[in-house]
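One structure below.
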Amino acid sequence: MNLLSEDLEKYIHQWATPEDEALKELTRETHLKVQMPQMLSGYLQGSFMTMFTALQQPKRVLEIGTFTGYSAICFAKGMSEDSLLYTLDINEELAPMCQRYFEKAAVADRIMMITGKALEIIPTLDETFDLVFIDADKHNYINYYNAVFDKVRPGGWIIADNVLWSGKVVNEQKDKDTQAIHAYNEKVAQDPRVKNFILPLRDGLNIAQKLV
Ligand code: SAM
Ligand code: CA
């Protein structure tokens, strides 16, 4: 979903730091070779991710859903050299491409990619996270939230992507995916252990901060 007019989007691109060459190339290759290239975060959201990690300086980040590595690179670009981002994806075929672009973007030293089912991998990670980004299969969003919650430090962040689901969350009749996304938003809003807001950037980011 695009909440911006084409003209405004053009204006934003014109008057902001341009996208890195590595990210441009990754986007081109994803569109040429990979199914569902629309899953890429893209320039606007990616720039926000880099700024968020640059502001917060997280030492440990967990991303659930790597795809071709766009968002992982964007988070890692804002992170310090001694930090580590774990990124999980079930699709092992994409791993070599991701690794190539992690190297091209000069962030491979701070990214650990793990292939497999996220719900099986998360319990094996012996880490405390400053930031978790949920962006894999939508019907598991609540399961991911529950699985990571105790691993996030107080004051840490849980960000979930696509929480406006192309605007469908406000439809009366909701299909299965929309119901799952809406249930996630409902759960987070009702959880007294966090405060949150929904940033209407691209397809919507639910940004929650753990209080206790
Ligand atoms: N974060 C990426 C970005 O912004 O460029 C996009 C991620 S894409 C929307 C979702 C990814 O989740 C896909 O690459 C898919 O293979 C992965 N995925 C789906 N189910 C999964 C599971 N059970 N465990 C781990 N990854 C899964
Ligand atoms: Ca996404």
Inside region 56-102, can you point out the residues that are within 10 Å of the chain's Cα centre (by Cα) and in a helix (DSSP H, G or I)?
Tyr70, Ser71, Ala72, Cys74, Phe75
Breaking point among (1) open to solvent by less than 70 Å² (accessible area, probe 1.4 Å); (2) part of a helix (DSSP H, G or I); (3) under 18 Å from Arg202 (Cα atoms), for Gln38:
(1)
Kindly establish whether Ala105 is more than 16 Å from ligand 2 (Cβ to nearest atom) and crowded, with 17+ Cβ neighbours inside 10 Å.
yes
Check off (1) in contact with a helix residue (DSSP H, G or I) (Cβ under 6 Å, 6 or more places away or on another chain); (2) open to solvent by less than 50 Å² (accessible area, probe 1.4 Å); (3) of a type in the set (S, T, N, Q); (4) within 14 Å of ligand 1 (Cβ to nearest atom) for Thr115 and give me the number that stays unchecked.
(2)
Within region 138-179, restricting to residues that are in contact with a Gly (Cβ under 8 Å, 6 or more places away or on another chain) and within 13 Å of ligand 1 (Cβ to nearest atom), the one that is farthest from Ile64 (Cα to Cα) is Trp165
Could you list all residues from region 41-55 that are assigned to a helix (DSSP H, G or I), in contact with a Phe, Trp or Tyr (Cβ under 8 Å, 6 or more places away or on another chain), polar (S, T, N, Q) and within 13 Å of ligand 1 (Cβ to nearest atom)?
Thr50
Scope region 6-24; condition of a type in the set (Asp, Glu), within 21 Å of the chain's Cα centre (by Cα) and open to solvent by 70 Å² or more (accessible area, probe 1.4 Å); matching residues
Glu21
Would you please name the residue that is nearest to ligand 1 (Cβ to nearest atom), looking only at residues in region 56-77 that are under 23 Å from Ala16 (Cβ atoms) and open to solvent by 10 Å² or more (accessible area, probe 1.4 Å)?
Lys77
Determine the pairs where a residue that is away from ligand 1 (no atom under 16 Å from the Cβ), located within region 192-210, has a partner that is acidic (Asp, Glu) with Cβ atoms under 8 Å apart, the partner being 6 or more residues away or on another chain.
Ala208/Asp191
State whether the residues of region 125-141 include one that is away from ligand 2 (no atom under 16 Å from the Cβ) and either without any contact (Cβ under 8 Å) to a residue 12 or more places away in the chain or among the hydroxyl-bearing types (Ser, Thr, Tyr) (or both).
yes
Out of region 87-102, which residues are open to solvent by less than 30 Å² (accessible area, probe 1.4 Å) and within 12 Å of ligand 1 (Cβ to nearest atom)?
Thr87, Leu88, Asp89, Leu94, Ala95, Met97, Cys98, Tyr101
Looking only at region 177-212, how many residues end up being more than 16 Å from ligand 2 (Cβ to nearest atom) and modelled with pLDDT under 95?
1
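The values are calculated or read from the model by the stated rules, or taken from the named source; none is laboratory data. No experiment lies behind these values; they were computed from the predicted model shown. No Cβ is skipped: glycine too gets one built from the backbone with ideal geometry, and neighbour counts run over all protein chains shown. Heads up: the accessible areas ignore ligands, DNA and RNA and are worked out on the full protein's heavy atoms, side chains in. Shrake-Rupley method; radii C 1.70, N 1.55, O 1.52, S 1.80 Å.
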